[in-house]
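Accompanying notes for the structure given below.
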Amino acid sequence: MTADASAEIEIRSLPDGPAWDDAWAVVRELRPHVDRDAFAALCREAARRDGYTLYGAFADGRLVGVMGMRELVDLVHGRHLYVDDLVVTAAVRSRGVGRRLLAHAEGVARERGGLGLRLCTGIDHAPGRRFYEREGWTARAVAYKKGFPA
């Protein structure tokens with residue numbers, strides 16, 4: 001893979017099954033607390049509820065990046081696509097893989113009638129924030145979260 005391999009990257013949807021095992025291996029670089037079974041169960045539930053689709057970025061036939069995406073509707077953004085957990089393997093970061101995944105998301109949004117796109121990244125995740133800003137994304141909100149005991 002060259003320094004900027006974005007032209008060599010193929011993006012395709014990943015069907016439930018063995019492809020999700022490969023996707024989980026990539027996603028756990030960002031979400032090490034999510035085991036394989038929980039990953040598959042959460043992806044299936046999101047697919048059932050929101051049409052969640054996993055996409056893979058392949059270089060030389062090898063999965064090097066993963067992005068989940070679903071269509072959401074809310075009062076602030078209307079109908080839009082939400083990008084979940086865009087992850088590129090550490091070995092190929094900064095080589096255009098993340099850029100290609102985002103470009104794919106933009107293409108899907110255009111195909112669906114020009115939907116807007118939204119994503120979140122951790123407030124302390126400076127490399128992710130720099131990446132998204134470099135790609136033309138604008139920070140527009142702060143998300144709050146509150147957990148409840150089981």
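For residue 138 and residue 103, calculate 0.36 nm times their separation in residues minus their Cα-Cα distance, and state this gained length in nm to one decimal.
Working: separation 35, 0.36 × 35 = 12.60 nm, distance 1.56 nm.
The residue 138-residue 103 span can extend by a further 11.0 nm.
Using a Förster distance of 30 Å, how high is the FRET efficiency between residue 10 and residue 129, based on the Cβ-Cβ distance and rounded to 0.05?
Step by step, r from the Cβ atoms, then E = 0.65.
Just to confirm my numbers, what's the Cα centroid distance between the range 69-112 and the range 25-43 in Å?
Taking the Cα centre of each part, the range 69-112 and the range 25-43 sit 18 Å apart.
Under 17 Å from a point placed 7 Å out from the Cα of residue 19 along the Cα-to-Cβ direction: which residues of the range 95-122 have their backbone N that close?
101-102, 104-105, 108
Order these peptides, 140-146, 12-18, 37-43, by their mean beta-carbon neighbour count within 10 angstrom, highest first.
So the peptides 140-146, 12-18, 37-43, ranked by packing, come out 37-43, 12-18, 140-146.
Report the far tail of the P(r) of the range 78-121, meaning the percent of Cα-Cα pairs longer than 12 Å.
On the way: 584 of 946 pairs.
Summing the P(r) tail past 12 Å for the range 78-121 gives 62 percent.
Let a ≥ b ≥ c be the square roots of the eigenvalues of the Cα gyration tensor of the chain; is it rounded (a/c under 1.5), or, if not, prolate (a/b larger than b/c) or oblate?
rounded
Springs between alpha-carbon atoms under 10 Å, Gaussian network over the chain: tell me which of 121, 138, 53 tops the mean-square fluctuations.
138
In nm, what is the difference between 0.36 nm times the number of residues separating residue 94 and residue 33 and their Cα-Cα distance? Working shown, then result.
Numbers: separation 61, 0.36 × 61 = 21.96 nm, distance 2.46 nm.
So the chain would gain 19.5 nm between residue 94 and residue 33.
Write down the percent of antiparallel bridges among all DSSP beta bridges whose residues are both part of the chain, to the nearest 5.
For the chain, the DSSP antiparallel bridge percentage is about 85.
Hey, rough spin-label estimate for residue 76 and residue 50, points 7 angstrom out along Cα→Cβ, what's it come to in nanometres?
Output for this residue pair reads 1.3 nm.
The numbers here are math on the coordinates, done by the rules we state, and not lab data. Please read all numbers here as calculations on a predicted model, not as lab measurements. Because the Cβ atoms are built from the backbone with ideal geometry, glycine has one as well, and the counts that use them run over all protein chains shown.
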